[in-house]
Amino acid sequence: MIADVAAARILLGVAGGIAAYKSCELLRRLTESGHSVRVLPTASALKFVGAATFEALSGQPVRTGVFADVPAVPHVALGQQADLVVVAPATADLLARAAHGRADDLLTAALLTAHCPVLLVPAMHTEMWEHPATRDNVALLRSRGVVVMEPASGRLTGRDTGPGRLPEPAEIAELARLLLERPDALPRDLSGRRVVVSAGGTREPLDPVRFLGNRSSGRQGYALAQVAAQRGAAVTLVAGHTAELGDPAGVEVVHVGTTRELREAVLAAAKGADAVAMAAAVADFRPASFASDKIKKGSTDPEPLVLTRNPDVLVELTQGREQGQVILGFAAETGDATGDVLHHGRAKLARKGADLLVVNTVGDGRGFEVADNAGWLLGADGTEQELHPGSKALLASRVWDAVSARLRAHG
Ligand code: CTP
């Protein structure tokens, strides 16, 4: 950990693209998290958003050139003192200038003096993102340890759609927090790998308006998908019901409702995948019958609810495991008279036949519907790693470390 994660010094660079307006929302999120944020717009960025907006939201002065406040040597001091630099949006021009070590304004000068993690968040038209010049610049920056985020796909300025959209400010803020928690959380070690993640809770309908569900928010699964994509993987996220989470940038999302739909989507996506992470809270039972008309209250007590078993997707995955495929499960456990959380976790790992199992302690507000997570990572090879409290993205990064090591070992 490099800094007090709750109160870091962040430089927020803003380059001149239309997505610059979204940097205001990112700035607000970062300052509300307790960070001290200094905004460094390029001169072009100020054509989209006025300096007064950045100054009011950050509470700090805004300069673009290297000739203001010369006695304070800001072009050197700002970069040296920062705990994190985020540039959002990073235009094709900004990426080119950063890749080539230019220092023709305060932002690029600060990039040259920063010793801290640097997160560049590209936003540009698809052609510009896919142009060989930009690809080379991104590769060069990544080879130097700069984190260049995968852009989102979707509607761009004008009528076009495609990769190049700025990811949602909430997602950028999560990655910023992750890099403060763990500067080396986003290596490109999953490049060329294909992974499947399930997330959220399944819902089993009883009649057209009622269902059996659970409290899963989907946040841990979304964090796994987000982090895997930023580590270079091609990711399919099979999402049940979640707490209205936006699709993570660079991830293919398949939305499902019931356990049987989830099973179908996961098994299809798992074909040829390098790794599958089952973070979904899968309903073990469903109503034995579905009433096609809404069940009426009537004047007598209702019939007891009859339930039937759902398929166990994780067990199906491990039984049909392809050569070299790494399969990971989750278990939310409470201790009881027969054993503690780890005891139950180890038994479940063996029962399910998974390679890895994340064991969370639930109850007392832990695990479900909260932003942070902690637990243990158990391996079928007998390994046991404590996952210290931190963001769900931090836990995801530890999980992908373990998956990546196993994939490397399989060759
Ligand atoms: N899981 C699954 N299919 C199910 C139930 C669970 O694939 N029908 C997966 C979950 O996604 C998770 C793991 O199995 O990765 C463990 O889930 P959990 O609910 O803890 O396991 P259960 O087998 O339901 O055990 P328990 O009796 O403790 O509820």
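Numbers for the structure displayed
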item	result
For the range 315-411, accessible area per residue (1.4 Å probe, heavy atoms of protein chains only), Å²	47
Cα gyration tensor of the range 220-274 - equivalent ellipsoid semi-axes, whole Å, descending	18, 15, 7
Per residue solvent-accessible surface (Å²) - the range 161-269, probe of 1.4 Å	36
For the range 86-179, alpha-carbon Rg over 2.2 N^0.38 Å	1.05
Degrees, to the nearest 10: 259-270 long Cα axis against longest axis of the chain	60
I18 accessible area, 1.4 Å probe, all protein chains in place, Å² to nearest 10	90
Kirkwood-type radius of the range 299-411, with distances r between different C-alpha atoms, in Å	15.8
For the chain, average projected area of the Cα convex hull in nm²	23.7
Fraction in percent of alpha-carbon pairs per bin - 10 Å, the range 220-328	12, 38, 27, 13, 7, 1
Gap separating the Cα centres of the range 1-55 and the range 261-276, nearest whole Å	39
Whole-percent carbon and sulfur share, accessible surface of the range 260-358, 1.4 Å	50
Ordering of 334-341, 350-357, 385-392 by packing [mean C-beta count within 10 Å, highest first]	350-357, 385-392, 334-341
Per-peptide average of other Cβ atoms within 10 Å, ordering 211-223, 154-166, 63-75 highest first	211-223, 154-166, 63-75
Taking the range 314-411 and dividing mean pair separation by its residue count, relative contact order in percent (alpha carbons under 8 Å, at least six apart)	23
Residues of the range 1-141: accessible area per residue with a 1.4 Å probe, Å²	43
The chain - percent relative contact order, Cα under 8 Å, separation 6 or more	12
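The values are calculated or read from the model by the stated rules, or taken from the named source; none is laboratory data. Only a predicted model underlies this, so the values are computations on that prediction, with no experimental measurement involved. Glycine also receives a Cβ, built like all others from the backbone with ideal geometry; neighbour counts cover every protein chain displayed. For the accessible areas, the whole protein counts, side chains as well, though only heavy atoms, and no ligand, DNA or RNA atoms are used. Shrake-Rupley method; radii C 1.70, N 1.55, O 1.52, S 1.80 Å.
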